[in-house]
1. Determine, yes or no, whether A115 is of a type in the set (A, V, I, L, M), under 27 Å from the mean Cα position of the chain (by Cα) and either crowded, with 20+ Cβ neighbours inside 10 Å or in a helix (DSSP H, G or I) (or both).
2. Suppose we filter V226, V274 for residues that are within 51 Å of the chain's Cα centre (by Cα), surrounded by 16 or more Cβ atoms within 10 Å (Cβ to Cβ) and more than 15 Å from I344 (Cα to Cα); which single one remains?
3. Output the residues belonging to segment 811-836 that are surrounded by 15 or more Cβ atoms within 10 Å (Cβ to Cβ) and in contact with a strand residue (DSSP E or B) (Cβ under 8 Å, 6 or more places away or on another chain).
4. Against the conditions (1) within 30 Å of W28 (Cβ to Cβ); (2) touching a strand residue (DSSP E or B) at 6+ places or on another chain (Cβ under 9 Å), where does L707 fall short? Just the number, please.
5. Please return the ranges of helices (runs of 4 or more DSSP H) entirely within segment 440-516 where 1 or more residues are touching a residue at least 60 places away in the same chain (Cβ under 8 Å) and surrounded by 24 or more Cβ atoms within 10 Å (Cβ to Cβ).
6. When residues of segment 437-492 are filtered for being of a type in the set (A, V, I, L, M) and more than 25 Å from A508 (Cβ to Cβ), how many remain?
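The values are calculated or read from the model by the stated rules, or taken from the named source; none is laboratory data. Just so it is clear, the structure is predicted and the values come from calculations on it, not from any experiment. Cβ placement follows ideal geometry from the backbone for every residue including glycine, while neighbour counts extend to all protein chains displayed. SASA here: full protein model, heavy atoms, side chains in, ligands and nucleic acids out. Shrake-Rupley method; radii C 1.70, N 1.55, O 1.52, S 1.80 Å.
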Amino acid sequence: MADFSLPKTYDFASTEQRLYQWWEESGWFKPENSRDPDGEPFVIAIPPPNVTGVLHQGHALFVALEDLMIRYQRMRGRAALWVPGTDHAGIATQLQVERKLREEGTGREEIGRDAFMQECWAWKDKYHGRIVGQLRRIGASCDWERERFTMDEGLSRAVNEAFVRLHRMGLIYRSEYIVNWSPGLQTAVSDVEVEYTDEQGTLYYFKYPVAGANLDDGPGEGYIPVATTRPETILGDTAVAVHPDDERYRHLIGKTCLVPMLNRTIPIIHDTYVDREFGTGALKITPGHDPNDFDIGQRHGLQTVNIMNRDATLSEEAGPYAGMERFEARKKLWEDMRAADMVIKEEPYQMQVPRAQRGGEIIEPLVSKQWFVNTNPMAEMGLAAVRTNRIRIIPERFTKVYYHWLENLRPWCISRQLWWGHRIPAWYGPDGELFVARSTAEAQAMALAHYGEPVPLEQDPDVLDTWFSSGLWPFSTLGWPDDTEDLRRYYPTDVLETGYDILFFWVARMIMQGLMYTNDIPYHTVYLHGIVRDESGRKMSKTYGNVIDPIEVMDNYGTDALRFTLLTGSTPGNDMNLSIDRIRANRNFANKIWNATRFVLGNLPEDFKYAGAPDPKQLDIPDRWVLHRLNQVIDTATRLCENYQYGEAGRQVYDFLWGDYADWYIEASKPRLRGENPDAVLQTLVYVLDQTLRLLHPFIPYVTEELWQHLPKTAEEAPALIVAAWPESNPAFENEEAVESFERMRESVRAIRNARSAYNVEPGRKIAATIDAGAYTDHLRAMTSILALLARLDPDQLVFGPTPPDEKGATLVAGDITLFLPLGGMVDIETEWARLQKQLAETEKRLRGAEGKLSNENFISKAPAHVVDQARQTLAELQAQQQRLMEQIEALG
């Protein structure tokens, strides 16, 4: 005989690891083992987390979302492939290894590049398992046999191939350009590694001397007033710019100024970039230390003067300030300018300060010789792919952000002064001749052809920006540049799911590089999630002490509770607030499902034979109602999932299982399970539970799989819920008449429950009722036992017919149905009358106070609008309460 027993409580701690291991060992994460291995693929390449990283809520959200997508499509019959992997995280990993070496009393320069690289690989091997294990903990059903690492042999070959191709097309070049320089890290960093913080700074106003004039001649004659937030960069100025239409300064255009304290002559130029309304209306131009000034300098052919060394001390170009630390030089220069009568004033100024994401020091815009990519040709393809709807961005509003980025591109600096990463595949001959090649051997062959004899070559010491290799991720992970079977079958992928904050830094670059190298889009849909914040909407930070650790949450409440909270609390492109209370509530939801399943299984006889979808002809009104509602929730959840509205889909299924199935259908089934033919009820209970567990599986995989394994099944059923079929609505279950009837019964029960609460009827007390149900009489009469159970009615005093004319009682209306509850059967009339009179007196006292406040002209005219509105709302509530109490007293006679 079948064993339908289930433990009293759900032990997630012992269940999750066991089920995950079973799924993986059974091969169900692999597309080759899907229900239709030759079916249409559905592919996601995981956004690779840093190999040395630790799981945070952002990881938890994207893993939960992508796992939901994969599990949903797997159940829909697609050959679902989720490619996992990790990123080498150039700066992050190098910093950690350097810190380790410092603790050991040495450093990277001391041990040399080769030994340092060995240390980095050892660090990667040590910590790789931590982040991967944490991804598994969340339930990530990735094909782990296809796991990749951005610096593994295959991906490194792909990086070199991409570099060589772009270089041959003339799109990769080496040049001097302005970059984000991190003095602490001693490398250029990408825009995404720069965080702008709102800080109180100073706007320094000073006199720019006009050559050949005296300062005493005043503004516009002896000097041009200029303002800056970084006085030390004055030493690198190569022009002063004014607007060509500015009457204050146009007569000075073509003349020259003298750089304060250095007396270097620089031109006064005109440019429409200058904002006449900001500051003084004149702009100092420092091409070596400001991106916008660099562009102006290029337009006007200005000299670029670099006053900054790579350690943020001032260079020889700074004259007497050479060797000083940048902020020390700022202070000294300003003091000297004050002594020379060049200072006008200083005023506080709120500014956005660029700081290194790792280290926190202020980033210095610096002209440096670096490797760059001209992304304009790729950008045109990337723009066209979205404009022609080949790629869809969800939510759609981020399309404008995408367009803005790609329409305003600067050259992409791809070189980094680090050791850990993909070393730039460029070699230099003895005379500086450049050889860009896929390998050392290929470079040597090129050099031999060039020089006619073997010569020593030196490889470029820099490594590539991490985003360069990440941009190849969707196709390099499938074997590109080789023509592999995986690349042919699974590329393009389907969805790229990631945070909106890296729409440009990663998403756009993947699109551009995919189109450039594969002549195809890398995916058809970009799904953007927001930032996970604390319950007050603040960003989680160790400084605030508000970090909610996902590992700790899973230890305390289970993985499903965390997943369901993240999935139903988030919407595309919007930040979400996360609270432990919400997680706790969703743990209770898992318990609710468990208890509902225990009830169903506990009522199955040992010889129960599950028949699958019930025959509606054999069913009563409650069964036909719940099957109709199941149809609705299947169609709604499927439609929402197809439109990427996963949060709302989860909420709809949650409401159905908790509200309709557990709170109403199970309760309505109890008296009928004691009847003569309980099998139809049991078949319906099992079927609806089975279908609902399928709907919930992509959201909460562990508890649903564990419960589904205990359910009776048909012979042809799949061995596991993870590979079972997604539900489909059944036209035979459509039954509006049953819905109407059951809804009238529900409305009647709710009305009676509300009346019992209003009259303080003891919960255990069964009361009499007369129900005038009109056209629904026969249907409600058929549900007498259910009505009596749910509304706590006395079956012997439940009458279907017109309301008694002279009897005292409460008359209730539920749609087309009138219900009469004799008061004598519910309450002690004298005691209840006294209670209501006392409550009425208290209400009328408060009502007089509210009326008095609102009749006071002083209050109306002086109190804030929201306070007056609140007072009016309170008055309306008290008036309604008074009316209700008077009606209840009148009903008592």
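1. It is false that A115 is of a type in the set (A, V, I, L, M), under 27 Å from the mean Cα position of the chain (by Cα) and either crowded, with 20+ Cβ neighbours inside 10 Å or in a helix (DSSP H, G or I) (or both).
2. V274
3. Listed by number, the residues that qualify are L812, I817, T818, L819, F820, L821, P822, L823, G825, M826.
4. (2)
5. Per the criteria, 466-470, 473-476, 485-490.
6. So the count comes out to 10.
Residue-by-condition table, conditions (1) assigned to a loop (DSSP other than H, G, I, E, B); (2) open to solvent by 30 Å² or more (accessible area, probe 1.4 Å); (3) touching a residue at least 24 places away in the same chain (Cβ under 8 Å); (4) within 30 Å of K124 (Cβ to Cβ):
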{"residue": "R390", "(1), (2), (3), (4)": "yes, yes, yes, no"}
{"residue": "T399", "(1), (2), (3), (4)": "no, no, no, no"}
{"residue": "R410", "(1), (2), (3), (4)": "yes, yes, yes, no"}
{"residue": "W419", "(1), (2), (3), (4)": "yes, yes, yes, yes"}
{"residue": "W427", "(1), (2), (3), (4)": "no, no, yes, yes"}
{"residue": "P430", "(1), (2), (3), (4)": "yes, yes, yes, no"}
{"residue": "R438", "(1), (2), (3), (4)": "yes, yes, yes, yes"}
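Quick grid of which residues meet (1) among the hydroxyl-bearing types (S, T, Y); (2) open to solvent by 40 Å² or more (accessible area, probe 1.4 Å); (3) assigned to a helix (DSSP H, G or I):
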{"position": "L262", "(1), (2), (3)": "no, yes, no"}
{"position": "I266", "(1), (2), (3)": "no, no, no"}
{"position": "F294", "(1), (2), (3)": "no, no, yes"}
{"position": "P320", "(1), (2), (3)": "no, yes, yes"}
